[in-house]
Every structure is written in structure tokens, then in C-alpha cells.
């Protein structure tokens, strides 16, 4: 599958447009979403992913379409773990319910950037070292085993290195100031818990990516398919978290 630069640009622009649209709707009137609203968002993102997969099948052939759907379903299955941990993180930071959608959207945007970098590095490694593909294939088998046997009882969130460094370096308030990321107190600029929890979600997701992205590379070596599968699964997970 040969993906042109223009196709990459159009795809990334479309994904960004979806996130921006979602963000503007949420930011316009922060609220606690109803079950119906959350269901509609999940259905919307799943529908977009299905349409993309069908369009890809028509444009690039059944093999590419099948690889996309396999990667997307794998990533979406793993997003159950993401969902559980995101809920734990928001609970630990006591994020007000009406701001949780905004937190998730920004966290997902950060996660997409970091996953994009990871995917680019993985693709470059495969192109230069063929044996890396077999390692990624082993990750796929490990991921399948984990999905079949995992019974995670962990209900505590542990700060990662990046988050710990941020909290150490950046002065932070203990209370939320509506949806503000920073606030000024006695002439000094402080980060609010809103900023910290967004960083927590974005960086914690990278740990999941260490499992899931090699697994998808075990299904397809096409970076475009790996990236789009990750993007649509993450956005669908964001909609699920809204419920």
C-alpha cells in the first residue's frame, strides 16, 4: 500500500477537525453528559471508523481494509484497559463531572501525538531491521494472551516519571479554577489540577501504546493503517469514557 503525502495530510487534518469540533461542542457548554448523549458520541466515532474502513477497502483493496479493521478491533479491545485507567485517574484527581469530556479530549490529543511518534519510530525500525517485525509479532501473541487471561484488580493510579517531574517543577494549586489550565495567585502563575490530569492521561496512555502498537505492527507493517487504527480506537474510547 503506497500512501501519498497528500493522503496523510488530509487524514490528519480530518482527524484534527473531528477533535476540534468535539472540543468546541464540549467547551461551549461544559456539562455532565447523559447516557443518550454518550451513546450517540460512541456511535458517531464507531460509524466514522466503519465508513473509513469501507472507503479504504474500496480505494486500496480488501487486504488493506481487512488489516485496518483487524488493527482497529485489536486497539478498541485494548481500550477497555484505557477506559478503566482513565476513570481511575479522573477519580484520583477528583475531576468535576462537567469537565471530564474536556480532560479526555485534550488527553487523547496528547496521546495521538505521542503514538504518532512511536509509530514513526516503529515503522523506521522495521524498514531497516527485518527482525524487529518478529518481535512485534510476539507482542501480538502476548496481547492476545493478555486479553484472554487478564483479570486486573488494580484500583490505584501511580504517577509516571513525566508526571512526577512536571509536578516537581511546576507549581500547582490543590483546587480547580473552573476549566482553567493555569491561574495566577499573588502575582505568581500556577498550574491547576486540570492541566496535571490532562498530562496524566496523555502520558499514561503511552504505556498502553507500548503493548498495543507493536501488536498492530504484527498485523500490518503499513504505518498509515497502524496510525488510523490507533486514532479511531482512541477517539472511540474517548466517547466511551463520556458515559
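The values are calculated or read from the model by the stated rules, or taken from the named source; none is laboratory data. Keep in mind that this is a model prediction, so the values were computed, not measured. Glycine also receives a Cβ, built like all others from the backbone with ideal geometry; neighbour counts cover every protein chain displayed.
Data overview
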item	result
Residues (assigned to a helix (DSSP H, G or I) and either touching a strand residue (DSSP E or B) at 6+ places or on another chain (Cβ under 6 Å) or farther than 30 Å from residue 32 by Cα (or both)) located in segment 170-194	none
Tally of residues being in contact with a helix residue (DSSP H, G or I) (Cβ under 6 Å, 6 or more places away or on another chain), over 20 Å from residue 35 (Cα atoms) and in a helix (DSSP H, G or I) across segment 86-104	1
Any hit, segment 42-55, residues being farther than 16 Å from residue 235 by Cβ and at pLDDT 90 or above	yes
Sole exception among (1) surrounded by 12 or more Cβ atoms within 10 Å (Cβ to Cβ); (2) modelled with pLDDT under 90; (3) under 18 Å from the mean Cα position of the chain (by Cα) for residue 71, by number	(2)
Residue match in segment 195-218 (condition: farther than 30 Å from residue 63 by Cβ, surrounded by 15 or more Cβ atoms within 10 Å (Cβ to Cβ), touching a strand residue (DSSP E or B) at 6+ places or on another chain (Cβ under 7 Å) and free of Cβ contacts under 8 Å to residues at least 12 places away in the same chain)	no
Scan of segment 125-150 for residues that are in contact with a helix residue (DSSP H, G or I) (Cβ under 9 Å, 6 or more places away or on another chain), in a helix (DSSP H, G or I) and either exposed (fewer than 14 other Cβ atoms within 10 Å of the Cβ) or modelled with pLDDT of 70 or more (or both), ordered by number	125, 126, 132, 135, 138, 141
Test for residue 65: is it more than 19 Å from the chain's Cα centre (by Cα), at pLDDT 90 or above, surrounded by 12 or more Cβ atoms within 10 Å (Cβ to Cβ) and within 19 Å of residue 224 (Cβ to Cβ)	yes
Close pairs from segment 163-185: first on the phi > 0 side of the Ramachandran plot, partner in a helix (DSSP H, G or I) and surrounded by fewer than 11 Cβ atoms within 10 Å (Cβ to Cβ), Cβ under 8 Å, at least 6 apart	none
Test: residue in segment 60-72 that is part of a loop (DSSP other than H, G, I, E, B) and farther than 19 Å from residue 108 by Cβ	yes
Answer residue from segment 1-47, given it is assigned to a loop (DSSP other than H, G, I, E, B) and touching a residue at least 24 places away in the same chain (Cβ under 8 Å) and is farthest from residue 96 (Cα to Cα) among those	1
